[in-house]
Amino acid sequence: DLLRGRDEPNPFDVEHVMELFEFLLGWHRRENGSEAMAFVNLRDFPFAILQRSELLLNVVQRLAALDKKIRPVGIMIEEPMGIYLPQELEMWTRRLRDLMDSCSWQARVPKPKTNERPDGLLLAHVHNNWGLADAGQLACLGAGANGIWCSICEEGSAQGHACSAVTLANLARMGNTDVTNRYTAQNLAVAARKVTEATTGHGPYDRQPIYGVRAIDSVFDFPGIAGGNIFDFDTDAAGKPNTFNLAKFLGIDDPPVRINELSSARQIVHRLEQVFGRHPDWTPARASMMQARMLKNLREDRKEEYSSALGLAKLYKEATGQCLPQCAEKHLADPKLMEEEDAFTKLMCTEAENIFKQQAQGKTYMDFDAWFAMFGIAYFGSADNEVARAAFNILDINGSGSLQLYELLLVVTWACREYPMHIKNFDNVIDVVMRHLILPNVLRGNNVAHNAGLSTENMCKNAAASWAKAFNEKDWKSLSEAYSEDAVLHVDLGEALSAFMTYFHIQGPYFVCRGRANIWKFWNAFRDKVAEFRGFDPESRCTAITEGRDAAILQSKFSCTTFDGWIHGRYMCRNDQGEWKIQADHMEFGELLSEPKGQPVNLSHLAASEDAILEGRQLTDNEVRESLFKDANEFKNAFNSQNPHGCAEAYSDVTVMRADIPAVADLMKKTFGYEDPVILRDKQQIETFWSRMINDVQLRDMKGYERVNEAWPMTICVLSDNMGLVRSKWRMDKVGGHIHSQRMVREDPQKPWKVAADFFAIYETFP
């Protein structure tokens with residue numbers, strides 16, 4: 001450490017340092033013989049070259065001048081903090097190499113498989129505290145260092161260091177043939193994994209570059225992206241394409257294909273051949289069926305693993321309706337072993353289900369506190385820990401704010417399939433899920449953990465609150481950007497009809513405005529007539545129904561001094577950039593509270609035509625409403641016929657129902673165990689719910705879904721030919737409330753409408 005003692009009255013100078021080195025080097029030679037070799041490690045190299053550069057350079061110069069009998073075979077430099085940029089290390093390394101060469105201490109690197117004595121070596125060692133290690137180490141080698149001193153894997157003090165496995169692979173990738181001649185590359189990754197496991201007790205992270213188990217996976221079937229096919233855009237100095245292949249470098253002729261939703265039919269066929277061997281049934285047509293099944297699972301928010309033998313076999317059967325060919329079954333290993341593995345996974349799932357039921361205490365879901373007692377306490381210490389909340393929300397796949405049984409079984413099955421060698425009991429399952437699924441996600445940084453910790457409902461509410469703030473502050477850019485490009489604003493004018501006719505020249509009974517630009521113009525003019533907007537907060541009774549992690553519908557009362565009303569359905573979706581955008585606002589204005597400010601303004605030109613066929617559409621809004629009106633009434637007809645199965649048939653196969661039940665919360669919990677709100681995501685559960693309402697509670701005589709001018713009016717916000725938002729007042733003989741928003745969809749205009757999301761509330765009871 002050349003920097004040590006620099007602040008003392010009599011710090012070490014070059015004479016003191018060399019006196020120490022000559023003593024140690026002479027002792028080393030006497031004790032270990034004339035063939036013994038030694039290095040001098042400049043442990044604080046970056047700090048010394050910046051703060052005591054004269055001492056450092058003089059020491060290197062004096063080492064070069066030592067008698068060869070005791071002179072070290074080289075110098076090792078270390079970047080112990082991992083904080084310096086590669087170009088800085090490159091500059092300092094080149095200065096040291098030039099000095100050694102000028103002192104006749106040139107590098108002599110032994111040829112492979114010889115006993116030649118090295119001399120003049122300059123070795124580098126770089127720590128990885130800030131992610132600069134590999135680039136810094138390569139920069140040192142490019143500037144004249146001719147070796148590295150490190151472990152074969154990255155494990156080490158602090159955040160580890162640049163290892164030989166990654167560096168050697170990079171050198172080979174860049175055309176260095178010496179490393180392929182000098183080292184047995186096919187053992188590189190295996191050795192790195194074994195050293196990692198011996199050091200840490202477990203294997204490297206799956207996505208660890210070079211020696212992680214997924215480092216060589218073939219993921220995509222197009223070039224220019226990691227894991228794609230062999231061609232990329234790298235070239236050598238002569239401009240020729242770089243055809244280096246990591247798998248071949250590591251001695252693997254056929255890298256495993258990892259199947260995902262972007263896999264091509266060709267890749268699926270290849271993976272079937274890798275796992276089960278060649279067979280005439282592995283055709284592009286059947287692979288396309290498997291591809292379609294994966295995309296269907298994705299749309300249904302089902303995340304599954306498809307690359308293992310079991311995952312691939314399950315996908316094949318689901319997609320084609322056929323079992324694997326008999327000759328392919330042998331590749332699943334011995335049938336008895338297969339049964340044992342399958343039985344073990346079932347055993348783990350059974351244990352998980354038993355614990356779930358114990359913690360859920362009769363409910364159909366597990367809340368955060370129950371989950372924390374089951375999983376989190378051993379890892380996070382306190383239930384108030386924000387990271388614990390983030391971990392819980394990673395497992396909350398459907399974004400409901402609670403953990404359903406199927407979500408738990410999904411991750412247990414995944415753990416057993418992906419990490420079978422790590423699992424002997426259920427405690428191992430918990431450990432695998434935490435270490436390999438949860439912790440790598442929540443510990444990537446405070447912002448990531450914070451976002452992961454927010455439920456889908458809370459993120460939507462935050463976005464809606466930001467909209468209200470932008471409205472009040474007249475931040476029109478932010479308000480405009482809150483909407484998608486083709487968003488829809490549907491306003492039921494209600495009791496405010498005469499005021500809208502007077503002040504905005506808008507005719508009733510409703511007003512429809514399409515497109516971000518027109519919606520912005522409406523709110524801009526509206527803001528000049530009103531004071532502060534209040535809504536989307538707890539006082540406004542704001543609630544939301546979530547459809548997976550990327551879609552939700554909010555409802556909220558609102559007031560703005562001049563008007564009050566209800567936003568019955570704000571349909572929001574998250575785009576590819578993770579931003580929540582409003583797809584549709586379906587709102588109702590109440591009574592006029594005070595006269596609007598200022599002079600009237602004509603906004604009639606913003607109203608969308610009800611009888612025009614818009615671009616990309618085949619039907620007018622009126623035609624869509626008429627077709628939807630009949631199917632929306634199918635639920636009411638089934639209910640009034642006391643047919644719970646017919647009620648459930650009004651819902652789509654993938655659906656969600658949320659019922660806010662403040663008026664009957666205690667009764668529903670006591671009688672059926674339903675919490676407020678009731679959230680159901682299964683058609684059978686929905687049928688059971690309506691069966692209980694019809695047969696046990698004996699609700700009768702539903703009113704609702706009527707024409708706009710009738711007593712129980714329904715209005716429809718049309719988003720497209722095959723999607724609309726329905727809202728309606730309703731009541732039965734004993735209860736009443738509001739259907740805030742039913743998102744109804746159909747596959748095409750020839751198919752029936754179905755309820756994809758049902759968001760209603762019970763606000764009143766009647767004797």
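The values are calculated or read from the model by the stated rules, or taken from the named source; none is laboratory data. Just so we're clear, the structure is a prediction, and the values are computed from it rather than from any experiment. As a convention, Cβ positions derive from the backbone with ideal geometry for all residues, glycine included, and neighbour counts pool all protein chains shown. The accessibility values were calculated without ligands, DNA or RNA, using every heavy atom of the protein model including side chains. Shrake-Rupley method; radii C 1.70, N 1.55, O 1.52, S 1.80 Å.
For the stretch 701-735, filtered to residues that are among the basic types (Lys, Arg) and open to solvent by 60 Å² or more (accessible area, probe 1.4 Å), the residue that is farthest from Val755 (Cα to Cα) is Lys734. I'm checking my understanding of the structure. Among residues of the stretch 169-189 that are in a helix (DSSP H, G or I) and open to solvent by 70 Å² or more (accessible area, probe 1.4 Å), which one is nearest to Val432 (Cα to Cα)? That would be Asn187.
Summed over the stretch 455-480, the residues that are part of a helix (DSSP H, G or I) and in contact (Cβ under 8 Å) with a residue 12 or more places away in the chain give a count of 18. Just so you know, in the stretch 742-761 the residues that are open to solvent by less than 30 Å² (accessible area, probe 1.4 Å) and not in a strand (DSSP E or B) include one that is nearest to Cys647 (Cα to Cα), and it is Trp753.
For the stretch 482-505, the tally of residues that are of a type in the set (A, V, I, L, M) and surrounded by fewer than 18 Cβ atoms within 10 Å (Cβ to Cβ) stands at 1. Determine if the stretch 396-406 includes at least one residue that is assigned to a helix (DSSP H, G or I), under 19 Å from Thr350 (Cβ atoms) and either open to solvent by 50 Å² or more (accessible area, probe 1.4 Å) or not aliphatic (A, V, I, L, M) (or both). Checked the stretch 396-406: at least one residue is assigned to a helix (DSSP H, G or I), under 19 Å from Thr350 (Cβ atoms) and either open to solvent by 50 Å² or more (accessible area, probe 1.4 Å) or not aliphatic (A, V, I, L, M) (or both).
Val601 falls short on exactly one of the conditions (1) modelled with pLDDT of 90 or more; (2) closer than 28 Å to Val678 by Cα, and that condition is (2). Look at the stretch 577-596: where a residue is on the phi < 0 side of the Ramachandran plot and a partner is modelled with pLDDT of 95 or more and β-branched (Val, Ile, Thr), sitting 6+ places away or on another chain with Cβ atoms under 6 Å, you get Ala584/Val488; Met587/Val491; Met587/Ile567. Every condition in (1) touching a Phe, Trp or Tyr at 6+ places or on another chain (Cβ under 8 Å); (2) assigned to a helix (DSSP H, G or I); (3) surrounded by fewer than 18 Cβ atoms within 10 Å (Cβ to Cβ) is met by Leu298 except one, and the failing one is (1). Hey, could you check the stretch 628-671 for residues that are open to solvent by 60 Å² or more (accessible area, probe 1.4 Å) and of a type in the set (Val, Ile, Thr) and say which is modelled with the lowest pLDDT? Among those residues, the one meeting the criterion is Val654.
Pairs meeting the criteria (first residue in the stretch 665-676 and touching a residue at least 60 places away in the same chain (Cβ under 8 Å), second residue hydrophobic (A, V, I, L, M, F, W, C) and in a helix (DSSP H, G or I), beta carbons under 9 Å, at least 6 apart or on different chains) are Glu675/Ala665; Glu675/Met668.
Restricting to the stretch 672-700, and then to whatever is among the polar types (S, T, N, Q) and part of a helix (DSSP H, G or I), can you tell me which residue is most open to solvent (accessible area, probe 1.4 Å)? Once the filter is applied, the top-ranked residue is Gln684. Name the residue that is least open to solvent (accessible area, probe 1.4 Å), counting only residues in the stretch 79-122 that are under 49 Å from the mean Cα position of the chain (by Cα) and among the basic types (Lys, Arg). So, considering only residues that are under 49 Å from the mean Cα position of the chain (by Cα) and among the basic types (Lys, Arg), the one least open to solvent (accessible area, probe 1.4 Å) is Arg97.
Taking (1) acidic (Asp, Glu); (2) closer than 19 Å to Glu457 by Cβ; (3) in contact with a Cys (Cβ under 8 Å, 6 or more places away or on another chain) in turn, Glu687 satisfies each apart from (2).
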